[in-house]
Structure formats: C-alpha cells, structure tokens
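Have a look at the structure below before the remarks.
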Amino acid sequence: MDRISELLSRLPIPGLKESNDRHTIARILSELIKIPIKANQIVFKDNILTVSVPPVVKSVLHIKQSEIAELLSREGLKVLQVR
C-alpha cells in the first residue's frame, strides 16, 4: 500500500497547473483593473488568454494588453493575445 501512495504522490495531478495559472491570472487582472475577475472566467490555452467578462471590462483589458502581458510574463506565463 505504501508503494502505491508513494508512486501516486510523485505523479502530476491533471489540471492542477492550469487551475493555478487561471487563479494567478484572475488575481493579476483583478489587481490591475480594480474589478473582480474569477478564475472560472479565465481560459488560457496556447498562450491565448480568453476572459469571459462584459464588453466594457473586455475593452479595458484590451487597452491594458501590454501591461497584462508584462505582468503575466513575470509569473512565467507568456501571453500572445487577450480575447
């Protein structure tokens, strides 16, 4: 039994990195634009950031796209486009 639990503890948990990335992105965006954004509103795939927010908020995100890319790159997340 101990060997199985030891083996399982070494395996990566599916979706954990993606979840952590979404939470990090949500925190950074919320701090930057002073509007709460939740992790479940974030999709980050193939270096493209998609945020499900109202159009007014989305416009603010597009205006601050270069700042977003810079802040996220400090966290090791490369963003090519914000949608």
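Values as computed for the structure displayed
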read-out: Selected residue (criterion: modelled with the lowest pLDDT) from residues of segment 1-35 that are surrounded by fewer than 11 Cβ atoms within 10 Å (Cβ to Cβ) and part of a loop (DSSP other than H, G, I, E, B); value: MET1
read-out: Check on LYS45, under 21 Å from GLN81 (Cβ atoms), among the basic types (Lys, Arg) and within 10 Å of the chain's Cα centre (by Cα); value: yes
read-out: Leading residue by the ranking (nearest to ILE33 (Cα to Cα)) among those in segment 48-58 that are within 13 Å of the chain's Cα centre (by Cα) and not in a loop (DSSP other than H, G, I, E, B); value: VAL51
read-out: Subset of segment 59-82 (residues that are in contact (Cβ under 8 Å) with a residue 24 or more places away in the chain, more than 17 Å from HIS23 (Cα to Cα) and outside any strand (DSSP E or B)); value: VAL60, LYS64, GLU67, LEU80
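Okay, residues lined up against (1) of a type in the set (S, T, N, Q); (2) out of contact with any strand residue (DSSP E or B) (no Cβ under 8 Å at 6 or more places or on another chain):
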site: ILE13; (1), (2): no, yes
site: THR24; (1), (2): yes, yes
site: ILE35; (1), (2): no, yes
site: ALA39; (1), (2): no, yes
site: VAL43; (1), (2): no, no
site: ASP46; (1), (2): no, yes
site: THR50; (1), (2): yes, no
site: VAL53; (1), (2): no, yes
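The values are calculated or read from the model by the stated rules, or taken from the named source; none is laboratory data. Because the structure is predicted, anything quoted here is derived from the model rather than measured. Please note: Cβ atoms are built from the backbone with ideal geometry, for glycine as well, and neighbour counts cover all protein chains shown.
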